[in-house]
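One structure is given here, and the rest of the page talks about it.
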Amino acid sequence: MLRRLIIATLLSATAAHAADLPEPVARLMQSAQIPAAAAGIVVMRGDTVLLSHNPQQSMQPASTMKLFTTLTALEQLGPVFRGRTEFRSGADVVNGVLRGDLIVRGGADADFNEDVLTHMLQALRTQGIRRIQGDVVLDRLLFQPSRPDAGQPPFDEYPWAYYNVIPNALLANTNLLKLDMRSSGNRITLAMLPEMENVSVRSELKLVDAACSTWEKDWRTPDYARKGDKIEVVLHGSFPKNCIKATSINVLDSHDYLARLLQATWRKLGGSIGGEVREAQAPTPTTSTGADAMAAQAGTDAMAARAGTDATASRAGTDAMAARDGADAMSAAAAAPVNAPATSTAPPVSATARSPGAVPAPPTKLLAEHVSRALPEILRDTNKQSDNTLARTVFLSLGSLEADPMLGSHPIAPDGGQASTAMRAETAIRAWLQAHRIDGNGLVLDNGSGLSRVERATAEQLAGVLQAGLHSLWMPEFLSSLPIAATDGTMRRRLKDSPAAQRARIKTGSLSGVIAIAGYVQDANNQPVIVAAMLNDEHVANGAGRAVLDALIDWAARSGAAPSTPGTPTTQAAPAAPTTSAITAPPPAPAPAPASDPTRR
């Protein structure tokens, strides 16, 4: 810890006396008219600061913000953490009929898709259930608010794009409709997947003479219209003649998406529903009872474990069962209609265990379940592809879940306050930063993904996170989540002719007016060098900012002492001059970025 304090002091001390920017970096910045004040850069080898330029300047980090979320998640939730989806009910099954409600409980399962839903519903059929007499209750209450997307203005002009999907605890299939569009002559044919109950797609696209590759140029935001119980998705804009393209769009409300997907799938399996598909209602906050106390105890024990207290597997299992008991009571209360009749299988909210002196709600039993892939696998998709939806799901998981050796995860205990899940996630990240002696001043967290105009970080903080990653117990898992230069993820097309190719693991970030990198580069002596840099300026557009940061990575890869011969003192060598093939001029200005453009992540 003292070592990190010394490093922070060194960074601060060198801020006022930073070495000049490397010549190729300075030259490209000057050529692009990017001012030096718009850059925040830290480059380190071990405890040695190689370059420090505005290290404590709070700047927009774009998707490099994901490093705060993902490394904290690895260390706080652990590599065996998994999100969950459950089917539960407090009702009996009589002659193939579930005599009550089916609760679909969301637990931040990043892999909950149409195939998973089909298998879970098939599990009900395998148990002999052919009819659900009551309602299907969609329980998204793990996150507070349960619908983080509600009331949120569009981030940009592509609200329907995948990277703009805002998750909830029961997000199904990333809320995406897959469209297959085929035009021939003056006719266009559309197909939509997955199949949904009473949902169709209609084209208002104008067919034009244009190259198929430019199909997104005049694409307009799709929408939908309700006609009674039917929903019609409508496509707008123009589409080239004699063209075949596929895309995915986020258009439907999250409730409509899952409800109609579930209804269609259950019907195909031969099942029926007597009631409706509805959202769970949050229980009315009242005095805690035994179930809450057990869940709170589980959360307290887990927090102690996070602070460094070892917990045995048997104790973890006991805590998990306690947390589940509390969650079961909450689900039963959430599933109950507000004005439920006396014969209802679920008591009304006012009669649940959430009320002082009331009889606790009957526990629900597990009918089917699914767990996501382990956290390291989720983080590889998050960082390599710069997946905002996954990053936001992991961020909110930090504020709502803890790892469970048997179940994968279970809810943390209520904190007794009114803190949102995002606030609790921020508290977890700041506590982790403090534990690693990383100064949190200047850090602004919003959703943990970097797809935000609010989030801020400093190059010094990014470097601190990266250094903590090198010393983490889960260092291999963290490093394996980062894109490899010239190989995969968002770095697959970059630095192909540089010595950094396949030798740098770099998280990228890009927004309008923002370009950033943060990661590790092997230097000329195969020593790891930490590189963290952000450029915040309108002139980073059209590849100019990316060229600057690629030059910085290339410079770091060429740095280091030349190998010495026996008896010869080792001296610090200046980085070799980059070849012209390694650092290229910015490419010509591209066409307006389509919604699928990964640089908008």
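Per this entry, Arg492 is not counted among residues that are within 30 Å of Ala169 (Cα to Cα) and among the basic types (Lys, Arg). Taking the criterion of being farther than 26 Å from Leu398 by Cβ, part of a loop (DSSP other than H, G, I, E, B), modelled with pLDDT of 95 or more and of a type outside the set (S, T, N, Q), the only residue of the stretch 47-72 that qualifies is Pro55. Which members of the stretch 483-510 meet the condition of being open to solvent by less than 20 Å² (accessible area, probe 1.4 Å) and within 19 Å of the chain's Cα centre (by Cα)? Those that are open to solvent by less than 20 Å² (accessible area, probe 1.4 Å) and within 19 Å of the chain's Cα centre (by Cα): Pro483, Gly489, Met491, Ile506, Lys507, Thr508, Gly509.
Given the structure, is Asp446 out of contact with any His (no Cβ under 6 Å at 6 or more places or on another chain), closer than 18 Å to Ala62 by Cβ and surrounded by fewer than 18 Cβ atoms within 10 Å (Cβ to Cβ)? Considered against the rule, which asks whether it is out of contact with any His (no Cβ under 6 Å at 6 or more places or on another chain), closer than 18 Å to Ala62 by Cβ and surrounded by fewer than 18 Cβ atoms within 10 Å (Cβ to Cβ), Asp446 comes out as yes.
For the stretch 80-89, the criterion of being within 18 Å of Tyr520 (Cβ to Cβ) and open to solvent by less than 10 Å² (accessible area, probe 1.4 Å) is met by none of the residues. The C-beta contact set for the stretch 48-70 (first residue open to solvent by 10 Å² or more (accessible area, probe 1.4 Å), second residue basic (Lys, Arg), distance under 9 angstrom, 6+ apart or interchain) comprises Ser58/Arg456; Gln60/Arg453; Gln60/Arg456. So for the stretch 416-424 (the condition being surrounded by 17 or more Cβ atoms within 10 Å (Cβ to Cβ), assigned to a helix (DSSP H, G or I) and not hydrophobic (A, V, I, L, M, F, W, C)), does at least one residue qualify? Scanning the stretch 416-424, I find at least one residue that is surrounded by 17 or more Cβ atoms within 10 Å (Cβ to Cβ), assigned to a helix (DSSP H, G or I) and not hydrophobic (A, V, I, L, M, F, W, C), so the answer is yes. Residue count for the stretch 439-483, restricted to those that are part of a loop (DSSP other than H, G, I, E, B), aliphatic (A, V, I, L, M) and without any contact (Cβ under 8 Å) to a residue 60 or more places away in the chain: 1. Here Ile41 clears all of (1) of a type outside the set (Gly, Ala, Ser); (2) part of a strand (DSSP E or B); (3) open to solvent by 10 Å² or more (accessible area, probe 1.4 Å) except the condition numbered (3). Pairs are defined by a Cβ separation below 9 Å, a sequence spacing of at least 6 or placement on different chains, a first member in the stretch 211-237 that is within 15 Å of Tyr158 (Cα to Cα) and open to solvent by 80 Å² or more (accessible area, probe 1.4 Å), and a second member that is of a type in the set (Ser, Thr, Tyr) and at pLDDT 95 or above; the pairs so defined are Lys217/Ser238; Arg220/Ser238. Residues considered: Arg125, Arg147, Arg99, Arg130. Of these, the only one that is modelled with pLDDT of 95 or more and in contact with an Asp or Glu (Cβ under 7 Å, 6 or more places away or on another chain) is Arg99.
The values are calculated or read from the model by the stated rules, or taken from the named source; none is laboratory data. If you're wondering where the values come from, they're calculated on a predicted model, not measured in any experiment. Here Cβ is always computed from backbone atoms with ideal geometry, including for glycine, and neighbour counts include all displayed protein chains. The accessibility values were calculated without ligands, DNA or RNA, using every heavy atom of the protein model including side chains. Shrake-Rupley method; radii C 1.70, N 1.55, O 1.52, S 1.80 Å.
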